[in-house]
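Nothing in this text is a laboratory measurement; each read-out follows from the coordinates by a stated rule. Since the model is a prediction, treat every value here as computed from it, not as a measurement. Here the Cβ positions follow ideal geometry from the backbone for every residue, glycine too, while neighbour counts run over all protein chains shown.
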Amino acid sequence: MIPKICIAGKIACGKSTVSEVIVRHFGFPRVSFGDILRKYSRTQGLPQTREALQNLGQKILDQYGYDGFLKWAMDNSPDTNWNGPLIIDGLRHIAVYEHIVELFPETILVYCKCDMQTQISRIVSRDKITKEEAIKIVSHSTERYIQELESYAHIVYRTDSDMQNIIGQLDKLIQNFCR
């Protein structure tokens, strides 16, 4: 059994925080679709703004399709062992999730959820931008369908969730995959 734990959710809903706690608990390596896009963007001399990265991600999806996006991400993360246990941070599309499950049936989905006001205030604070700029980011087309992943989730993390409870649920799910 080689588990994959995918972390999905809208921007600034706690995906990175959740994935860091899971990495510390299980010791699995972590790969982030956002980090892959940032690295690619840097090597191509492209802007590093959130909007530019959102647009780049959409451009790659448009060019390669959902299955092709996953292959592109795997090809652009050569230091990642995709065949071993892995935390996959930043999942944004049902079709990409379904392709991951096709390739790796032992996949668990954790969906991070928070309200839009929390998202906006986190982005304003974290990125040192205006509320209007943050609203534009949370309203970007790449954010449109993410909430549909919630219905596929094995676990839903909310800002008021107990992280130890989430880890306990993951432990049980991984044990079930081992049977």
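Overview of values
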{"item": "Qualifying residue in segment 132-143 (condition: without any contact (Cβ under 8 Å) to a residue 60 or more places away in the chain, in a helix (DSSP H, G or I) and hydroxyl-bearing (Ser, Thr, Tyr))", "result": "no"}
{"item": "Failed criterion for residue 22 (all others in (1) under 30 Å from residue 176 (Cβ atoms); (2) assigned to a loop (DSSP other than H, G, I, E, B); (3) of a type in the set (Val, Ile, Thr); (4) within 16 Å of the chain's Cα centre (by Cα) hold)", "result": "(2)"}
{"item": "Residue within segment 132-150 that is basic (Lys, Arg) and either surrounded by 13 or more Cβ atoms within 10 Å (Cβ to Cβ) or more than 17 Å from the chain's Cα centre (by Cα) (or both) present", "result": "yes"}
{"item": "Which listed residue is assigned to a helix (DSSP H, G or I) and in contact with a Lys or Arg (Cβ under 8 Å, 6 or more places away or on another chain), from 48, 119, 58", "result": "119"}
{"item": "Segment 81-122: number of residues that are aromatic (Phe, Trp, Tyr) and buried (at least 19 other Cβ atoms within 10 Å of the Cβ)", "result": "2"}
{"item": "First in segment 150-167 and touching a residue at least 12 places away in the same chain (Cβ under 8 Å), second anywhere and buried (at least 16 other Cβ atoms within 10 Å of the Cβ) and part of a loop (DSSP other than H, G, I, E, B), Cβ under 8 Å, 6 or more apart", "result": "157/14; 158/114; 159/13; 159/14; 159/114"}
{"item": "Conditions (1) free of Cβ contacts under 8 Å to residues at least 40 places away in the same chain; (2) not in a helix (DSSP H, G or I): number failed by residue 53", "result": "(2)"}
